[in-house]
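Values quoted throughout were computed directly from the atomic coordinates according to the rules given, and no laboratory measurement underlies them. Computed from a predicted structure; not experimentally measured. Because the Cβ atoms are built from the backbone with ideal geometry, glycine has one as well, and the counts that use them run over all protein chains shown.
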Amino acid sequence: MKEKAILQVLSFLYDNFPKRILLSVDAFVDETATEEEKELYANCIRWLLEEGYIRGLPHSTYRIVKEAVLTTKGLALLEESRLWEKIKHALKEGSVFAIKTAFASFLQIAIKEVKS
């Protein structure tokens, strides 16, 4: 689920902020993950990079990003309305509803920022 992938990446980088880290798809999937699942995470990472929420040095496949870190834009978005707490709670709970609700909050804040 793309919503979960994006929230997991953001949460991981938030937990490690301001440290620059090696961001790898393998940190989010296990050895039984399909190529489709790995590609989903790579595409989510690429989107977060292209939209300016994270920064780093991506490998051509986007499955690895060296020196990954949240940007000011990404950090501000997660701090807005304490979104990071909602994301942490949703990922811990693990329900589809909680994850989709947290992701909807993420999109709502992101779209509001674009419009202003």
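Would you mention how many residues in the stretch 49-75 are closer than 20 Å to Lys19 by Cβ, of a type in the set (Gly, Ala, Ser) and free of Cβ contacts under 8 Å to residues at least 24 places away in the same chain?
Going through the stretch 49-75 one residue at a time, the tally reaches 1.
Based on this model, can you work out whether Ala98 counts as without any contact (Cβ under 8 Å) to a residue 24 or more places away in the chain, among the hydrophobic types (A, V, I, L, M, F, W, C) and farther than 18 Å from Phe17 by Cα?
yes
Can you name the condition, by its number, that Gly94 falls short on among (1) exposed (fewer than 12 other Cβ atoms within 10 Å of the Cβ); (2) on the phi < 0 side of the Ramachandran plot?
Failed condition: (2).
If you take the residues of the stretch 76-95 that are under 13 Å from the mean Cα position of the chain (by Cα) and without any contact (Cβ under 8 Å) to a residue 60 or more places away in the chain, which of them is farthest from Ser11 (Cα to Cα)?
Leu77
Here's a check for you: in the stretch 5-25, which residue that is touching a Gly at 6+ places or on another chain (Cβ under 9 Å) and assigned to a helix (DSSP H, G or I) is surrounded by the most Cβ atoms within 10 Å (Cβ to Cβ)?
So, considering only residues that are touching a Gly at 6+ places or on another chain (Cβ under 9 Å) and assigned to a helix (DSSP H, G or I), the one surrounded by the most Cβ atoms within 10 Å (Cβ to Cβ) is Leu13.
Looking only at the stretch 26-35, decide whether some residue is of a type in the set (S, T, N, Q), in a strand (DSSP E or B) and either out of contact with any His (no Cβ under 9 Å at 6 or more places or on another chain) or within 17 Å of Ala5 (Cβ to Cβ) (or both).
No: the stretch 26-35 contains no residue that is of a type in the set (S, T, N, Q), in a strand (DSSP E or B) and either out of contact with any His (no Cβ under 9 Å at 6 or more places or on another chain) or within 17 Å of Ala5 (Cβ to Cβ) (or both).
Among the residues of the stretch 49-66, is any in a helix (DSSP H, G or I) and surrounded by 15 or more Cβ atoms within 10 Å (Cβ to Cβ)?
Yes, the stretch 49-66 has at least one match.
Does the stretch 96-116 contain any residue that is assigned to a loop (DSSP other than H, G, I, E, B) and under 13 Å from the mean Cα position of the chain (by Cα)?
Taking every residue of the stretch 96-116 in turn, none turns out to be assigned to a loop (DSSP other than H, G, I, E, B) and under 13 Å from the mean Cα position of the chain (by Cα).
From the list Tyr41, Tyr53, which one is touching a Gly at 6+ places or on another chain (Cβ under 6 Å) and not β-branched (Val, Ile, Thr)?
After ruling out the rest, the residue left standing is Tyr53.
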